[in-house]
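Report on the following structure.
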Amino acid sequence: KDEFGTPMSRLQEPYSITAFELNGGDTSYSLGRGNAWSELPSLLEEHSVAAPQQRTLADGSIETSYLLEPVGEFLPSTAVASAQHELKYHIHRIQRHKPKLWVKLATDPPEGVSAPQLKTL
């Protein structure tokens, strides 16, 4: 999520993928399929690089976590990065039912200012 709590596209940031996902385990054994609840734990344990961690939740159910090693990474394209930059720094207004660029927000300090911009929390 961004600083305003808006969900961000996974294509904006690099993210890792595991051998389990590359082999189709995340879709072949999805929880809506027939034997997923019985086969998925052993399949995840097979791909795990450490022993599964278990903890009991407040409602009494048991949560099991598996640590899977990343084997690849997806990197964002320049088109996605450019579009995200425009969404963040270009303000549009609606004119005759169409968006029209109104202003481009500065990303660099004005001339003569050497201090970096203040960060918002």
*Using a 1.4 Å probe, how large is the accessible area of residue 114, given in Å² and rounded to the nearest 10?*
120
*Accessible surface of residue 94 - all protein chains present, 1.4 Å probe, nearest 10 Å²*: 130
*asked:* Can you give me the distance in nm between label points at residue 102 and residue 85, each placed 7 Å from the Cα along the Cα-to-Cβ direction?
replied: 2.3
_How large is the accessible surface of residue 77 in square angstrom, using a 1.4 angstrom probe and rounding to the nearest 10?_
60
*Rank these by accessible area, largest first, 1.4 Å probe: 18, 78, 56, 107.*
78, 56, 107, 18
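The values are calculated or read from the model by the stated rules, or taken from the named source; none is laboratory data. As the structure is a computational prediction, the values presented were derived from the model and not from experiment. As a convention, Cβ positions derive from the backbone with ideal geometry for all residues, glycine included, and neighbour counts pool all protein chains shown. All accessible areas refer to the heavy atoms of the entire protein, side chains included, with ligands and DNA or RNA removed. Shrake-Rupley method; radii C 1.70, N 1.55, O 1.52, S 1.80 Å.
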